[in-house]
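First up is the structure itself, then whatever we jot down about it.
Every number here is computed from the coordinates shown, using simple stated rules; none is lab data. Here the structure is a predicted model, which means the values were calculated and not measured. All Cβ positions, even for glycine, are placed from backbone atoms using ideal geometry, and neighbour counts span all protein chains on display.
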Amino acid sequence: MAELTALKERVTRSWRRQQQEYAHGENFPLGGYTAAMSLYGGVVAALTAAVRLSGTPLPDRISPWETALTAVATHKLSRIIAKDPVTSPLRAPFTTFEGTSGPAELAEDVRSGSGRKKTIGELVSCPFCLGMWVSTGFTAGHVFAPRATRLAVTTLAALAGSDFLQFAYAYAEQKAG
């Protein structure tokens, strides 16, 4: 037991030293990122196990069109979660309001604090970071509930298209005005 305790202390000291060296003494949530990667890996492992245990067949292929729609839907849902004013209550425990960053989007800063809180703040306020999680959810949806997933993907892709048309219309108005 003493050997296990000594090993744990050495690993902990090594981890802290590595974190200090990597972050140059700044509050950089390396541990939080490790936890997020572990959680993501666990989710993927659980989905893989669920596929195997349920006997659900994987699709032979996902068409390029469906892949493109899923990409657009991933973009849109990631931005809704990370930037939309209506979803700000989900981000509020981990971010602070800074202002607006564009039409119907907020600028928020990640709250400082523990590694976990900072990591979650960075994840929920970054559409690029959320993209991996959202696309994994859609991919799992294509396996477990393809019809419902296609409906959700189509809805979000149509919304993204509508957004681009709103920008094009506003641009045309500005040029004509």
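Excluding residue 80 itself, calculate the net charge of residues whose Cβ lies under 11 Å from the Cβ of residue 80, where each Lys or Arg counts +1 and each Asp or Glu counts -1. Show your work: numbers first, answer last.
Numbers: positive: 76, 79, 83; negative: 84, 105, 163.
Result for the local shell: 0.
Taking the Cα centre of the chain as the origin, how large is its charge dipole in debye, to the nearest 20, when only Lys and Arg (+1) and Asp and Glu (-1) carry charge on their Cβ atoms? Don't skip to the end; give the middle numbers.
Details: 18 positive and 14 negative charges, 98 e Å.
Roughly 480 debye, rounded to the nearest 20.
Compute the FRET efficiency between residue 159 and residue 22 as 1/(1 + (r/R0)^6), taking r as their Cβ-Cβ distance and R0 = 41 Å, and round to the nearest 0.05. Can you show the working numbers first?
Working: r = 40 Å, r/R0 = 0.96.
The pair residue 159/residue 22 has a calculated efficiency of 0.55.
Return the loop-located trypsin sites (Lys or Arg not before Pro) in the range 22-99 (DSSP other than H, G, I, E, B) with at most 11 other Cβ atoms within 10 Å of their own Cβ; answer none if there are none.
Working: sites: 52, 61, 76, 79, 83, 91; in loops: 61.
Passing both the DSSP loop test and the Cβ count: 61.
Tell me the volume per residue, in Å³, of the convex hull enclosing the alpha carbons of the range 3-61.
Details: hull volume 7.7 nm³, N = 59.
So the per-residue Cα hull volume is 131 Å³.
Using the beta-carbon distance between residue 98 and residue 6 and R0 = 35 Å, what value does 1/(1 + (r/R0)^6) give for FRET efficiency, to the nearest 0.05? Write down the numbers at each step before the final one.
Details: r = 46 Å, r/R0 = 1.32.
E(calc), rounded to 0.05, equals 0.15.
I need the calculated FRET efficiency for the pair residue 172 and residue 86, taking r as the beta carbon distance and R₀ as 35 Å, to the nearest 0.05.
Numbers: r = 27 Å, r/R0 = 0.77.
Efficiency computed from Cβ-Cβ geometry: 0.80.
Provide, in order from the shortest bin, the percent of all Cα-Cα pairs of the range 89-160 in each 10 Å bin, continuing until the bin that contains the maximum pair distance.
Whole-percent P(r) values from 0 Å outward: 18, 37, 30, 15, 0.
How high is the relative contact order of the range 40-171? Use alpha-carbon pairs under 8 Å, at least six apart in sequence, and give a whole percent.
Numbers: 121 pairs, mean separation 38.5, N = 132.
The value is 29 percent.
Semi-axes of the equivalent ellipsoid for the chain, please: Cα gyration tensor eigenvalues, times 5, square-rooted, ordered largest first, whole Å.
Details: eigenvalues 265, 149, 26 Å².
Semi-axes, largest first: 36, 27, 11 Å.
Count of lysine pairs in the chain with Cα atoms under 30 Å apart, counting only pairs 8 or more residues apart in sequence or on different chains?
Details: 8/117; 8/118; 76/117; 76/118; 76/175; 83/117; 83/118; 83/175.
Taking the chain as the scope, the lysine pair count is 8.
What's the extension gain from residue 48 to residue 67 if we count 0.36 nm per residue and subtract their Cα-Cα distance?
Details: separation 19, 0.36 × 19 = 6.84 nm, distance 2.00 nm.
Taking 0.36 nm per residue and subtracting the Cα distance, the gain is 4.8 nm.
In what sequence do 109, 60, 163 fall when counting other Cβ within 10 Å, fewest first? Don't jump to the answer; show the numbers that get you there.
On the way: 109 11, 60 5, 163 15.
Result, fewest neighbours first: 60, 109, 163.
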